[in-house]
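Have a look at the structure below, then the notes.
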Amino acid sequence: MGIEDGIIDRIYEAAIISELWPEVLDNLSHAISSAGGILFTASAGEIRWTSSPGTAEFMRAFVDGGWDKRNSRATCLAPMKYPGFVHDLDIFTREEVDRDPFYTELCRPKGVGWAAGTIIDVPNGDMMVYSFDRAVEAGPYDRSAIDFLDSLRPHLVRAGIMAARLHLERAKSAVDTLAAVGLPAAVLRADGRVVAANGLLEDLTLHVIISAFDRVHLVSKRANALLADGLSHIDELPSIGVLSFASLGLNEEKAVMHLLPLRRAAHDIFNSAACVALVTPVGKLNPPAEAPLW
């Protein structure tokens, strides 16, 4: 089983153009007689995913059914820290597969019964997973299929890291641009972790604290509670919506925080940012009416 001409180039293209991932995963699936391939990232309980058409229904059922919390494959595979692809019979016996709810209640009813996958830790804190699934009747993967995937794994890892790094650079560019017009700003994840912040926001110590694990907090307990609530519902805001609330800092300093949601493209799974946060001390300029494009 050889590497198809151009597949490595397409893997790196997908790192830059996220819409190409389904095609790349589909090409890899055909090479190893799979129903389809899945790429997903997970961080702070959030799963972002893309897949080839053949496994999209399965992955939707996986996410909607909360199987990420009941995934026996990941439970066994993650502690191994194995730098390669493994298949089901590397971690289970056939008897265990036949009685495991993950297989009997999810995989087989959705038409897939065998998988080959790998887990990768991304420097931005995400967990990245590549998984290729086969129909039950196709049987488990053989060594040649695993060797083929392993030959491509270094490129798949680098592509994921490249994509995550590109999003980080875009976030930094966005907050630096806002600093240039005098706006203290940060790009935040939904759990309050800072993706990027400009110096103007970091200097607002009367209002803002960036604590352990890069989480942002407000000095005002009331405003901090509003921040947490706003982040938890940020996806419910329209793309041009802004959530604003007052914040009373140290020395009775007054400010307003604005949360501007960022909408991710469907296959943009390495973009973990949820919103841009702006803090405008009272008397300063108002923020732009729409989220910055980045």
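Every read-out reported here was derived from the displayed coordinates using simple, explicitly stated rules and does not represent laboratory data. This is a predicted model, so every value here is computed, not measured. A quick note on method: Cβ atoms are made from the backbone with ideal geometry, for glycine too, and the neighbour counts reach across all protein chains shown.
At-a-glance table
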{"item": "Helix axis angle, 7-16 relative to the chain longest principal axis, alpha carbon, degrees", "result": "20"}
{"item": "In the chain, lysine pairs closer than 23 Å at Cα, eight or more apart or cross-chain", "result": "6"}
{"item": "Rounded to the nearest 20 debye, dipole of the chain from Cβ charges on Lys, Arg, Asp, Glu", "result": "760"}
{"item": "Charge sum, other residues only, whose C-beta stays under 13 Å from residue 232's C-beta, Lys/Arg counted +1 and Asp/Glu -1", "result": "-4"}
{"item": "Sequence-distant residues sharing a close amide H with residue 35 (under 5 Å, placed H)", "result": "133, 134, 135"}
{"item": "Part-to-part distance (alpha-carbon centres) for segment 101-161 and segment 14-89, which is given in Å", "result": "6"}
{"item": "Where a label projected 7 Å from the Cα of residue 57 along Cα→Cβ would reach, residues of segment 20-37 with amide N under 16 Å", "result": "35-37"}
{"item": "For P(r) over Cα pairs in 10 Å bins from 0, in percent, calculated from these coordinates, the label among [x] 6, 26, 28, 19, 14, 6, 1; [y] 5, 17, 23, 27, 18, 8, 2, 0; [z] 5, 13, 12, 13, 9, 7, 7, 8, 8, 7, 5, 4, 1, 1, 0, 0", "result": "[x]"}
{"item": "Inter-site label distance for residue 181 and residue 217 at 7 Å from Cα along Cβ, in nm", "result": "3.2"}
{"item": "Residue-wise HN-Hα coupling along segment 28-37, computed from phi with Karplus coefficients 6.51, -1.76, 1.60 (Hz; x: Gly, Pro)", "result": "5, 4, 4, 5, 10, 6, 9, 6, x, x"}
{"item": "Whole-number D in µm² s⁻¹ for segment 181-281, Kirkwood Cα-pair radius fed into Stokes-Einstein, 4 °C, 1.567 mPa s", "result": "95"}
{"item": "Within segment 43-68: backbone nitrogen closer than 19 Å to the residue 108 label point (7 Å, Cα to C-beta)", "result": "58-59, 61-62, 67"}
{"item": "With Cα atoms, 0 to 90° folded angle of helix 221-232 axis to the chain main axis", "result": "30"}
{"item": "Karplus-derived 3J(HN,Hα), 6.51/-1.76/1.60, for each residue of segment 122-129, Hz, glycine and proline x", "result": "8, x, 7, x, 7, 9, 10, 10"}
{"item": "Positive dipole terminus of the chain, leading residue within 87, 56, 74 (C-beta point charges)", "result": "74"}
{"item": "Formal net charge of residues neighbouring residue 270 (Cβ-Cβ distance under 10 Å; K, R +1; D, E -1)", "result": "+1"}
{"item": "Gained length - residue 264 relative to residue 136, 0.36 nm times residue gap less alpha-carbon distance", "result": "42.7 nm"}
